[in-house]
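Quick notes on the structure that follows.
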Amino acid sequence: MEENISLKELHTFGLNVQTAQYTLVETEAQVQKLLPLPAAHLILGGGSNMLFTKDFEGLVVHNKIRGIELVEEDEKTVLIRVGGGEVWHLLVVWCIEQGYAGLENLSLIPGSVGAAPIQNIGAYGVELKDVFDRLEAINLSTGKVETLNFEACAFGYRDSIFKRKAKGKYLITRVFLRLSKEATFNISYGAIQQVLEASQTPLSIRSISNAVIKIRTQKLPDPKKIGNSGSFFKNPIVENTVVALLQKKYPSMPVYPIGNDKSKLAAGWLIDQLGWKGYRKGDAGVHEQQALVLVNYGNAKGSEIWALAQEIQASVQEKFGILLEPEVNILA
Ligand code: EPU
């Protein structure tokens, strides 16, 4: 257990904040020994989806449970069991090396494996739920290891049981993923196809991964260079009656239909229309290439980034009548 530790290097916004107490855990038994946790506690993975608006006056438990194992194999698939503390992208790289398909579209997403199911990470037409089998998590009230299957996790768009009913209840120790030995490629997302064609490499999980890495590095700031948490807001899901009215006014607005009644709109486009892209106030700003990404140019305070986010939220609400919901966890 350490005291008054800086969190600057432990989260991707790179803010100058501290935690009162810090400990890392590498095994299930170490987690169980810490129970009961103090009321003010935070389970930390890669820190890629959180905004600290001030110092954290509690205990940070850093999940460093490692290990990637093959647990089942049949003709067409493998089942792997991965420690929650593994780095997501290193898992993707490992899978590509083994020839296991399924994660290539999710290349370069910052963060840890244990955090991936919490918000059902997704990119370029694939979500974690598409390869998810089950997970093991320690129930922080009982100390028991529980298994949660696909249904129990109640995955949705950037959503799961861990953001709702089970919020704060568990520490995710192991994630089981079902991957394919015979790749079926998902290149439906426009930009992937263009990049693949331009690179003239044959279609493979490696070439898809390279294309995704190329697109991400062009559009999204590298957290090692400019602090950020990826998309700050979720893309809003809106009734089609509302979408139709907006489309009349804004014919070029991107719309992604979901079933018959609703559609997803591009929060980045809405924010961009209001001229926020490239905006900067002090060291808090809106990324120059992607209006959905808020950035810390060096010494911004979390409270300044949150104030900027709220200004953006209010302006989108005023112009389009849509309330953007943060994707990032705000620690107020
Ligand atoms: N757009 C603009 N201006 C902008 C940003 C976007 O006009 O400043 C337009 C784009 O031209 C495009 C549309 O908005 O027509 C959507 O943009 P993009 O394809 O860049 O994706 P996104 O909706 O902004 C989502 C995810 C990303 C994920 C990409 C690719 C969310 C909240 N974000 O972004 O995920 O990488 O799609 O699949 O769902 C993350 O969650 O942190 C994240 C980076």
Can Ala332 be described as over 27 Å from Thr217 (Cα atoms) and more than 16 Å from the ligand (Cβ to nearest atom)? yes
Do the conditions hold for Gly268, that is, is it more than 9 Å from the ligand (Cβ to nearest atom) and among the small types (Gly, Ala, Ser)? no
Would a scan of segment 204-221 turn up a residue that is of a type outside the set (Ser, Thr, Tyr), assigned to a loop (DSSP other than H, G, I, E, B) and either within 11 Å of the ligand (Cβ to nearest atom) or in the same structural domain as Gly111 (by TED's automatic domain parsing) (or both)? yes
List the strands (runs of 3 or more DSSP E) that sit entirely inside segment 120-197 and contain at least 2 residues that are in contact with a Gly (Cβ under 7 Å, 6 or more places away or on another chain) and away from the ligand (no atom under 16 Å from the Cβ). 170-180
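Can you go through Val243, Val316, Val238 and tell me which one is part of a strand (DSSP E or B), of a type outside the set (S, T, N, Q) and more than 9 Å from the ligand (Cβ to nearest atom)? Let's see the steps before the verdict.
Values: Val243 fails: part of a strand (DSSP E or B); Val316 fails: part of a strand (DSSP E or B).
Exactly one of Val243, Val316, Val238 is part of a strand (DSSP E or B), of a type outside the set (S, T, N, Q) and more than 9 Å from the ligand (Cβ to nearest atom), namely Val238.
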Those residues of segment 1-19 that are surrounded by fewer than 22 Cβ atoms within 10 Å (Cβ to Cβ) and either touching a residue at least 60 places away in the same chain (Cβ under 8 Å) or farther than 19 Å from Leu140 by Cβ (or both) come to a total of 11
Neighbours by Cβ (under 7 Å, 6+ apart or cross-chain): first from segment 305-317, crowded, with 21+ Cβ neighbours inside 10 Å; second assigned to a helix (DSSP H, G or I): Ile312/Ile271; Val316/Leu270; Val316/Ile271
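Consider Ile258 carefully, then state whether it is β-branched (Val, Ile, Thr), at pLDDT below 95 and under 22 Å from the mean Cα position of the chain (by Cα).
Numbers: β-branched (Val, Ile, Thr): yes; at pLDDT below 95: yes; under 22 Å from the mean Cα position of the chain (by Cα): yes.
Here the answer is yes, as Ile258 does meet what is asked.
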Every residue in segment 160-192 that is more than 20 Å from the chain's Cα centre (by Cα) and exposed (fewer than 13 other Cβ atoms within 10 Å of the Cβ), please. Glu182, Thr184, Ser188, Gly190
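Check Ser204, Ser229 and return the single one that is small (Gly, Ala, Ser) and under 25 Å from Pro326 (Cα atoms). Walk me through how you get there before you give the answer.
Working: Ser204 fails: under 25 Å from Pro326 (Cα atoms).
Within the list Ser204, Ser229, the selection yields Ser229.
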Which of the residues spanning segment 74-92 are touching a residue at least 60 places away in the same chain (Cβ under 8 Å) and surrounded by fewer than 16 Cβ atoms within 10 Å (Cβ to Cβ)? Glu75, Lys76
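Residue by residue, here is whether (1) crowded, with 20+ Cβ neighbours inside 10 Å; (2) outside the structural domain of Leu44 (by TED's automatic domain parsing); (3) modelled with pLDDT of 95 or more; (4) of a type outside the set (Ser, Thr, Tyr) holds:
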site: Leu265; (1), (2), (3), (4): yes, yes, yes, yes
site: Arg280; (1), (2), (3), (4): no, yes, yes, yes
site: Gly285; (1), (2), (3), (4): yes, yes, yes, yes
site: Val293; (1), (2), (3), (4): yes, yes, yes, yes
site: Tyr297; (1), (2), (3), (4): no, yes, yes, no
site: Ala300; (1), (2), (3), (4): yes, yes, yes, yes
site: Ile322; (1), (2), (3), (4): no, yes, yes, yes
Looking only at segment 289-308, count every residue that is within 16 Å of the ligand (Cβ to nearest atom) and more than 29 Å from Val242 (Cα to Cα) and tell me the total. 3
The one condition Glu311 fails out of (1) assigned to a loop (DSSP other than H, G, I, E, B); (2) more than 15 Å from the ligand (Cβ to nearest atom) is (1)
Touching a residue at least 24 places away in the same chain (Cβ under 8 Å), in contact with a Pro (Cβ under 8 Å, 6 or more places away or on another chain) and closer than 30 Å to Leu308 by Cα - does that describe any residue in segment 58-71? yes
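The values are calculated or read from the model by the stated rules, or taken from the named source; none is laboratory data. Just so we're clear, the structure is a prediction, and the values are computed from it rather than from any experiment. Cβ atoms come from the backbone with ideal geometry, glycine included; neighbour counts cover every protein chain shown.
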